1. Given only helices, namely DSSP H runs of n ≥ 4 each adding -39500 (n - 2.57), what is the per-residue ellipticity at 222 nm of the chain, to the nearest 500 deg cm²/dmol?
2. Could you work out the relative contact order of the chain? I mean the mean sequence separation of Cα pairs under 8 Å and 6+ apart, divided by the number of residues, in percent.
3. How do 132-144, 92-104 rank on mean C-beta neighbours within 10 Å, highest first?
4. When the Debye formula is applied to the Cα atoms of the chain, each taken as the same point scatterer, what base-10 log of I(q)/I(0) results at q = 0.07, 0.13, 0.16, 0.17 Å⁻¹?
5. Give the angle, between 0 and 90 degrees and rounded to the nearest 10, that separates the Cα long axis of helix 38-48 from the longest principal axis of the Cα atoms of the chain.
6. Given contacts defined as C-alpha pairs under 8 Å and at least six residues apart, what's the relative contact order of region 185-260, whole-number percent?
7. HN-Hα J couplings of region 88-100 from phi, Karplus 6.51/-1.76/1.60, θ = phi - 60°, integer Hz, Gly and Pro as x?
8. With a 1.4 Å probe and all protein chains in place, put T182, T60, T224 in order of accessible area, largest first.
Amino acid sequence: MTYYHYCNASAFYNIIRSKEVWLSSMSASNDSMEGKWLSNIIGLAASRWGVPEFAENLITLIRDIEENLDCLGFCLSEAADTLSQWRGYADDGAGFSIGFSDRFMDEYKDPNDPLIHAQKVIYGIEDQIKMLQPFAAVVVQAIEDGAFALPRAGTLLAPISDEERASQREQYLAAHNRLIRTFLADINLFFKLKNRAFEEEHEWRLIRMAIKPFSDLDFRVSGTKIVPYLADSFGNVDKPISHVMIGPKNPTPKDVVTGFLARHGFNDVHVEISAASYR
């Protein structure tokens, strides 16, 4: 499979010349729910798991996790020539679509580092709930063990000793922390689920989880925003690029693009012009 990255002419030039891609903060993307979609569907999952009365508790817990997470990502698509992506990500059609190969994606996967991942974005609600199914048994058991049962204060007629209250608190913390660890064990999931409105993008992404406040990262300017990013080289990957699409409003001739690619070691790359009649 080929994975396409839509970008403006300047980004295309820099990616080819430097042989590196920039993984940027996903929370700075055009999706305001990026990294926050899991809390939108966990309530539905709670109903499927038979614990609908704890839906709000689970939503609050997931939102607390989401507030402290971010992800550095490089976005790609299965679609090489989509008008909405030309308009949204490639300078209104004046940019390029770079087709990266399976080798590029495979080199990025690191089985020894769970914070580094190449993954397909899931859009359908039913598919998203299905992805959460492995959590069901652990979540239900944690709830039954008191994950949301705060220690009782007791009453005048039914007092609770300090020892009982301490035991209740210990049980609550153990179950609650187990619940948090369950979701953090598959931390990439937070940036794998998206609003179905973006489905036509058929997105894949390279991701590296990031810990705020990003003091170990580089920063760049994007419009009016300062965006954290991390450069990742693909210079040692064999034939990382297989296809390049020239945007429908990009006047660069094919032979110029082919020569530019060859000049930087990217030979045998198929170059073509977008079929979109957009001007």
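The values are calculated or read from the model by the stated rules, or taken from the named source; none is laboratory data. Since we're looking at a predicted model, the values are computed, not measured. Neighbour counts run over all protein chains shown; Cβ positions are idealised from the backbone, glycine included. For accessibility, only protein heavy atoms count, side chains too; no ligands or nucleic acids. Shrake-Rupley method; radii C 1.70, N 1.55, O 1.52, S 1.80 Å.
1. On the way: 9 runs with 97 residues, N = 279.
-10500 deg cm²/dmol, from helical runs alone.
2. Working: 465 pairs, mean separation 87.9, N = 279.
Reported relative contact order: 32 percent.
3. Details: 132-144: 16.5, 92-104: 21.2.
Top of the packing list down: 92-104, 132-144.
4. Here log10 of I(q) over I(0) equals -0.34, -0.91, -1.23, -1.33.
5. The answer is roughly 50 degrees.
6. Details: 20 pairs, mean separation 9.7, N = 76.
Over region 185-260, the number comes to 13 percent.
7. With the stated coefficients, region 88-100 comes to x, 10, 10, 6, 6, x, 9, x, 9, 10, 9, x, 8 Hz.
8. Working: T182 25, T60 75, T224 145 Å².
Largest accessible area first, the list is T224, T60, T182.
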